[in-house]
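To start, the structure itself, in structure tokens.
Nothing in this text is a laboratory measurement; each read-out follows from the coordinates by a stated rule. Given the structure is predicted, the values throughout are model-derived calculations rather than measurements. Cβ placement follows ideal geometry from the backbone for every residue including glycine, while neighbour counts extend to all protein chains displayed.
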Amino acid sequence: MERYLDKVASRVLATNGSSVLEIGSGPGWDAEYLQAQGVVVHRTDGARAFVDRLGANGHDARPLDVRTGDLGGPHAAIIANAVLVHLDRQQFADLIPRVRDPLVAGGCFAFTFKEGDGHAWAADKLTGPRSFTYWTEPGVRSGLEGSGMSLVDANQWDGQRDT
Ligand SMILES: C[S@@+](CC[C@H](N)C(=O)[O-])C[C@H]1O[C@@H](n2cnc3c(N)ncnc32)[C@H](O)[C@@H]1O
């Protein structure tokens, strides 16, 4: 995970004076890691409770539902770690042009998915069920490249339950 964030940081720091939009910051661990490397991160989350928690910890966070919200810009990078798994395939396709347009030239969109096919509901961790869509690298690649973006880097690593 650090390697993925390190790559984002080095790309952003090579882009003059620009910052990162984080979608689905949750508790904000990734933002903390990037900020420790000198990156300015704009924290957001679809859940008000996370936004409030980030605010209470002294961070400037705002509510943002990635499916419909204003992504602002310009951004050197937009990151979404363990968030877009909760979108269905059409919602991800709809997001691509909305992410592409606020990025600066040479900017990057960095995100993680669970690898595989199909869709599943998970009933653990929260009181309500969570929706997961699984992706393969070729599927992600074709979705991006059909929208004028290119997949420049892809890595796999083993999570607690999925790759
Ligand atoms: C597994 S957490 C990941 C948090 C953080 N990115 C990390 O890696 O620690 C998933 C986050 O996505 C947020 N989320 C889920 N659906 C979202 C949506 N449609 N728009 C924005 N955030 C969403 C959740 O509220 C939650 O904070």
Next on the checklist: Go through the stretch 77-104 and report how many residues are assigned to a helix (DSSP H, G or I) and in contact with a strand residue (DSSP E or B) (Cβ under 7 Å, 6 or more places away or on another chain).
Outcome noted: 5
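Give the residue, chosen from Leu21, Leu71, Leu34, that is assigned to a helix (DSSP H, G or I) and either touching a strand residue (DSSP E or B) at 6+ places or on another chain (Cβ under 8 Å) or of a type in the set (S, T, N, Q) (or both).
None of the others qualify; the one that does is Leu34.
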Item to check | Hits in the stretch 142-160 - residues which are touching a residue at least 12 places away in the same chain (Cβ under 8 Å) and assigned to a helix (DSSP H, G or I) | outcome: Gly143, Leu144
Checklist outcome for this item: Picked from the stretch 77-94 (must be surrounded by fewer than 16 Cβ atoms within 10 Å (Cβ to Cβ) and of a type in the set (A, V, I, L, M, F, W, C)), the residue farthest from the ligand (Cβ to nearest atom) is Ala93
Item to check | Residues (farther than 18 Å from Arg98 by Cβ and either aliphatic (A, V, I, L, M) or touching a residue at least 60 places away in the same chain (Cβ under 8 Å) (or both)) located in the stretch 122-141 | outcome: Ala122, Ala123, Leu126
Checklist entry - Can you pull out the residues in the stretch 45-60 that are farther than 13 Å from Pro27 by Cβ and either near the ligand (Cβ under 8 Å from one of its atoms) or touching a residue at least 24 places away in the same chain (Cβ under 8 Å) (or both)? => result Gly46
Checklist entry - Which residue, of Pro63, Pro97, Pro74, is surrounded by fewer than 19 Cβ atoms within 10 Å (Cβ to Cβ) and near the ligand (Cβ under 9 Å from one of its atoms)? => result Pro63
